[in-house]
1. Evaluate the charge dipole of region 76-176 about its Cα centre and quote only its size in Debye, nearest 20, assuming +1 on the Cβ of each Lys and Arg and -1 on the Cβ of each Asp and Glu.
2. What does the charge add up to near Arg183, with Lys and Arg as +1, Asp and Glu as -1, over the other residues with Cβ less than 15 Å from its Cβ?
3. Enumerate by residue number the trypsin sites (Lys or Arg not before Pro) in region 37-141 meeting two conditions: DSSP loop (anything except H, G, I, E, B), and at most 13 other Cβ atoms within 10 Å of the site's Cβ.
4. With a point put 7 Å past each Cα toward its Cβ, work out how far Arg210 is from Ala173 in nm, to one decimal.
5. Could I have the simple spin-label model distance between Glu148 and Lys57, label points 7 Å from Cα toward Cβ, reported in nm to one decimal?
6. Please identify the GluC sites (Glu not before Pro) of region 126-173 that satisfy two criteria: DSSP loop assignment and at most 12 other Cβ atoms within 10 Å. Which are they?
7. Out of residues 5 or more away from Val219 or on other chains, whose amide H comes under 5 Å of its own, with H placed 1.01 Å from N in the peptide plane?
8. Which of the GluC sites (Glu not before Pro) across region 35-97 are loop residues per DSSP, with 10 or fewer other Cβ within 10 Å?
Amino acid sequence: MKWWLLVAAALLSGCGTLGRPPLPKFATGEAPSPGPSDETWAAGVRRADVIFFGLTKRSAAESQPAWRIVETLQQGGARVAIGWSELPATRQPLLDQWQRQEISAQQLIDQLGVPPRGDWIRRALRPDLVQVALGSPHELLRKIRAGEALNAEERALLPAHFRAPPDALESFAERVSTSPRLRRYNLERLYRAHLAAEQVIADNIVRFMRDNPGVKLLVFLPDDAIINPREVAGYVAQKSSLRQMILDRSQSLPAERPQLLATR
């Protein structure tokens, strides 16, 4: 079984005040070994505005597919940004300090504490890559999960005008049922934390891409029950017409070539 499955879609915006937005449509296909020499694959990657890359617990920072994506985008003349979904957006000032060369890479890591994917962050700290923190504060998600009241500052961090798919709760409950770690939480409160986590990431993606036209964003997402790349992409689509691509190793569907499709 090959490890990498490329699932790609150009998702369209549509956030009206009434009714539900159409669910995003994805084209599926088994990816050839990604690399700049495969021009069909490279052309699809270069057409995408946002690329989601799932990181498992076993993902090594030297993982070739991730850095080949960066290489392919840069060969097409694009400026590339790395989006960290597990790094709270409140830490962005530290990343900006490093970007302005006001602190060293080691000082950045030290001030971040023990960041998730620390090895990945170290490898990605290059002058030619913009660093973007996309996630929610961990304390915010903890309080939602525990059913504790949020203060005004925390409530202001929750994005508005997103609508969950009709089957979102059922899909989430099914994923949680396979996780002994998550089954111990109250499902309703855990679901609210899940929505907040995904929607904050989506909102920050939309904001960054709006403020940085022409930049290509490679988003690193955890491969777990809380964050679903397709759901994050669906929320992004409710507020933008960005072309999005998902690199997903969770399935194996037979097909010859990956595609990036625009559908209406």
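1. 200 debye
2. Result for the neighbourhood of Arg183: +2.
3. Lys57, Arg58, Arg100
4. Distance between the two pseudo-spin positions: 3.4 nm.
5. With each label placed 7 Å out from Cα toward Cβ, I get 2.6 nm.
6. Sites meeting the loop and neighbour criteria: Glu148.
7. For Val219, whose amide H was placed from the backbone, the distant partners under 5 Å are Ile51, Phe52, Phe53, Gly83.
8. Sparse-neighbourhood loop GluC sites (Glu not before Pro): Glu62.
Each value in this text was obtained by applying a stated rule to the coordinates, not by laboratory testing. Given the structure is predicted, the values throughout are model-derived calculations rather than measurements. With ideal geometry, Cβ positions are generated from the backbone for all residues, glycine too; neighbour counts draw on all protein chains shown.
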